[in-house]
Amino acid sequence: MMNIEQSREHDTVLIIDFGGQYAHLIARRIRELGAYSEILPLPELSREAIERISPRAIILSGSPASLLEREPPIPPEWVLNLGIPVLGICYGHQVIARMMGGTISRASGEYGRTYIRIIRKDPIFEGLGDRDEVWMSHSDHVEKPPKNAEILALSEDIGYIASFRISGKPIYGVQFHPEVSHTRKGRAILENFLRIAGVRKTWNPSNMAERIVKEISMTVREGEKVLCAVSGGVDSTVTAYLVKKAVGDRLIAVFVNHGLLREGEAVEVIENLRRIGIEPLFIDASARFLDALKGVEDPEGKRIIIGRLFGEIFKEIVSRDPSIRWLAQGTTYPDVIESGSRPLSARIKTHHNVGGLPRDLGLGVIEPLRSLYKDEVREIGRSLGIPEEILRRHPFPGPGLAVRIIGEVTKEKLEILRRATSIVEEEIKKTGLYDSLWQVFPVLTNSPWVGVAGDARREGCVVIIRAVESEDGMTADWAKIPYDVLDRISRRITREVPGVTMVAYAITSKPPSTIEPQ
Ligand code: XMP
C-alpha cells in the first residue's frame, strides 16, 4: 500500500490517544502551528512503534476513563524515560502524575471556563499573564504531585493543580485543554511546548502536491492503470487530480450514480470534473441500487448493501480491463484513525468508502491523502488551482440520501428529500452562511404530522434540518442559524414540497449525536 511516510521527513509530535474526543483536535492544532503530528492509540504503543515514528515530542491525550477505575489505560513506564519531551493533557496530566508517584482523587469537578493562577515562571507559560482563562473538563484531579514535581499553576476557584512539571525535565502536565479555542492562550502553550522540545516546523501541506505526484508516478509502472472512484467531493476530486497529473490517461475515474444523489448533482459533478481536465466514466446504476434497497429499513443494512453494490460495480470494471492494477482512494487521516484502528473507541457507523472496496478487488491501493485533514486537502487542492466551488463543497456521505431517509428508501421519498435539500442549500447559500458551516441538510423522517391546508386536513411527515459547525467532522456543534433563515426554509419546504407538514431543527451536537442521522 502506498503511503507517504511523513514521520521520516519531519519532526513528529506523537499524540498517544487514550480515547478522548480531542485527540484529533490536538493533532490538528500542532499541524496548524507548522509541525507534523500523528495519533497513536494507546494499545498500539510499543517500542517498535516509537522506533518507527521516532517522535521528537509526545503528547498524552485526554480520556473518558478514570484513573480511579480498576484497570485504567496507562502507558508503560519507559515512555517517560525516553528522553523525549512529554506534555500530558487532562487525563494525560493525571497519568504522568500517577506514573511518577503522585496520587489522583475524585474532584468536585471543573467544567468549561475556568481561571488559573500561574504560581511559578516556566517557559511553557511564556506569553501568559499571572492569571489566564482556560477550558477544563475533569472529574478527577492530581491530589498529591510526584515528589520531583514543581507546581506551575493552580485553578483559581478550587485550587486544584492545573499544571506541573517534573523538575529539570521537559515533562509537563496541564489539567486543562490547551487545544480548544476557549483556552485563550492555548495556542501559545502548545507553541511553547514545541519550542521547548526543539520541534522543527517543516509541515506545510500546500507544497506537498509535487512530491505526492512524483511518488505516485514512481509507484505505478508503465502500462498500469489506476482506478479512482470520484464523487464530486473534495477528497476524491483532489485524489483523482493528483493521480491524473502522475499517470495522465491511465487514470480511470469512475463516477457511479447510485440514484441517491441530490437534484442535478450528477450533471454538476461531471461538469466540475471536466473543468479540471478529468473525463469520468459515468455509470448510471440507480435502478440497481434502488432495487437492492427495496424493503430495507435498517440503517446499517442500507449502508452494507450500498457498499457491496459499489464493490460489485468496481469488480466488473476491473474484470474487463486487466491493466487496471491500482485503486486510488481519497481516504483522509480521520478515516484512517476512525476505521477500526482506534481500539479504545467503538465503531459508530460503517463508512462504506473506507471499508469494503479494496480488499477483494486484488488491486494495490494508493491513498495520497492518508495523512491529511480535510482543510489540508483543501490547501493542496488550492495549490493545484482546483476551483474554490469544488474545494468548498460540503461533505456528502458516500451512501448519499439513503442515510438521510429514515426507514425504507423509495422513489417518492427521494423526490421529497431532493426538493427539500435544494431549498435548504439555496437559502443557506443566499444568506452567505454556507462557508461557515461544515454541513447543512434536511432529513426525511417517517414520523407523521397532521397538517392543514385551507380547511382540509393534509397528511404529511416531519423533516428535520441538521446544520453543524465542525473542524473535521469528528466533533461538531449545532449551528445557531438565525430564526428568519429557518423560518424561510420552513415556509418554503411546507409550501413547495408535498408530503411535508412539519419542519424541525436539530439542536444536538456531536457527541452525543452523530452528524448524519444514520
Ligand atoms: P457522522 O454521521 O458519523 O458523520 O457524524 C461524520 C462525517 O462523515 C460523513 N459521512 C460519510 N462520508 N461515507 C462518507 O464518505 C459515509 O458512509 C459517511 N457517513 C457519514 C458525514 O456526512 C459527516 O461529514
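By how many degrees, between 0 and 90 and to the nearest 10, does the Cα long axis of helix 209-219 differ from the longest principal axis of the chain? Long axis of 209-219 versus the principal axis of the chain: about 70 degrees.
Mean projected area of the convex hull spanned by the Cα atoms of the range 410-505, taken over all viewing directions: 6.7 nm².
Remark: the ARG117-GLU297 segment gains 59.3 nm on full extension, using 0.36 nm per residue and subtracting the alpha carbon distance. Relative to the longest principal axis of the Cα atoms of the chain, helix 234-247 runs at roughly 80 degrees. Computed over protein heavy atoms with a 1.4 Å probe, the accessible surface of the chain works out to 43 Å² per residue. How much FRET efficiency would the formula 1/(1 + (r/R0)^6) give for GLU271 and GLU388, where r is the Cβ-Cβ distance and R0 is 22 Å, rounded to 0.05? The calculated FRET efficiency here is 0.90. For SER206 and ASP455, a Förster radius of 51 Å and the Cβ-Cβ distance give a FRET efficiency of 0.25, rounded to the nearest 0.05.
Sorting LYS429, LYS510 by accessible area puts them as LYS429, LYS510; the probe is 1.4 Å, largest comes first, and only protein heavy atoms count.
Measuring nothing but protein heavy atoms, the accessible surface of the range 12-197 at 1.4 Å probe radius is 46 percent carbon and sulfur. With a threshold of 20 Å on the Cα-Cα distance, the over-threshold entries among LYS302/LYS411; LYS225/LYS374; LYS147/LYS185; LYS302/LYS413 are LYS225/LYS374; LYS147/LYS185.
The phi torsions of the range 380-397, fed into the Karplus equation with coefficients 6.51, -1.76 and 1.60 and a -60° offset, translate into couplings of 5, x, 4, 5, 8, x, 6, x, 4, 4, 6, 5, 8, 4, 5, x, 9, x Hz, rounded to whole numbers, with Gly and Pro shown as x.
Listed by chain and number, the lysines whose C-alpha is less than 17 Å from the C-alpha of LYS510, apart from same-chain residues fewer than 8 away, are LYS349, LYS480. In the range 410-505, Cα pairs under 8 Å separated by at least six residues give a relative contact order of 30 percent.
Around the amide H of SER163, modelled in the peptide plane, lie the amide H atoms of LEU152, ALA153, GLN175, all under 5 Å away and 5 or more residues distant in sequence or on another chain. Only helices enter the 222 nm calculation for the chain: every DSSP H run of n ≥ 4 contributes -39,500 (n - 2.57), and dividing by all residues gives -9500 deg cm²/dmol, rounded to 500. Accessible surface of the range 410-518, 1.4 Å probe: 54 percent of it comes from carbon and sulfur atoms. Taking amide H as placed 1.01 Å from N in the peptide plane, the amide H of GLY88 sits under 5 Å from that of LEU60, TYR172, GLY173, VAL174, each at least 5 places away or on another chain. With K and R counted +1 and D and E -1, the other residues having a Cβ less than 9 Å from that of GLY451 yield a net charge of +1.
Each principal axis of the range 205-391 carries a Cα extent, and these read 48, 41, 34 Å when sorted largest first.
With contacts taken as Cα pairs under 8 Å at a separation of at least 6 residues, the chain carries a relative contact order of 12 percent. Across the range 296-313, rounded Karplus estimates of 3J(HN,Hα) from the backbone phi angles (6.51 cos²θ - 1.76 cosθ + 1.60, θ = phi - 60°) give 8, 10, 5, x, 5, x, 4, 4, 5, 4, 5, x, 5, 5, 4, x, 4, 4 Hz, Gly and Pro being marked x. Can you give the extra length, in nm with one decimal, that the chain gains between ARG98 and LYS480 once fully stretched, where that is 0.36 nm per residue apart less the Cα-Cα distance? Value of the extension gain: 133.4 nm. These residues, LYS201, LYS430, go from largest to smallest accessible area, 1.4 Å probe, as LYS430, LYS201. Computed in the context of the full set of protein chains, the accessible area of the range 205-391 at 1.4 Å probe radius has 51% of its extent on carbon or sulfur. The label point for MET218 and the one for GLU279, both projected 7 Å from the Cα toward the Cβ, are 3.2 nm apart. Per-residue Karplus couplings for the range 271-279, computed as 6.51 cos²θ - 1.76 cosθ + 1.60 with θ equal to phi - 60°, are listed in order as 4, 4, 5, 4, 4, 9, x, 10, 9 Hz, Gly and Pro entered as x.
Less than 5 angstrom separates the built amide H of VAL500 from those of CYS461, all sequence-distant by 5 or more or on a different chain. Please give the Cα centre distance for the range 138-170 versus the range 190-234, rounded to the nearest Å. Between the Cα centres of the range 138-170 and the range 190-234 lies a distance of 39 Å.
Taking the average, over residues, of other Cβ atoms within 10 Å as the packing measure, peptides 249-257, 316-324, 394-402 rank 394-402, 249-257, 316-324 from highest down. In the chain, with Lys and Arg counted as +1 and Asp and Glu as -1 at Cβ, which of these residues, ILE26, THR494, PHE125, has the Cα nearest the positive end of the dipole, that is, farthest along it? Checked the options; the winner is PHE125. Heavy-atom accessible area, probed at 1.4 angstrom with all protein chains present, ranks ARG8, ARG106 as ARG8, ARG106, highest first.
Restricting the calculation to Cα atoms, the range 12-197 shows an Rg/Rh of 0.92 when the hydrodynamic-style radius is the Kirkwood one.
With the convex hull of its Cα atoms as the shape, the chain has an orientation-averaged projected area of 26.1 nm².
The values are calculated or read from the model by the stated rules, or taken from the named source; none is laboratory data. Note that the coordinates shown come from a computational prediction; the quantities given were computed from them, not determined experimentally. Neighbour counts are summed over all protein chains in view; Cβ atoms, including those assigned to glycine, are modelled from backbone coordinates with ideal geometry. For the accessible areas, the whole protein counts, side chains as well, though only heavy atoms, and no ligand, DNA or RNA atoms are used. Shrake-Rupley method; radii C 1.70, N 1.55, O 1.52, S 1.80 Å.
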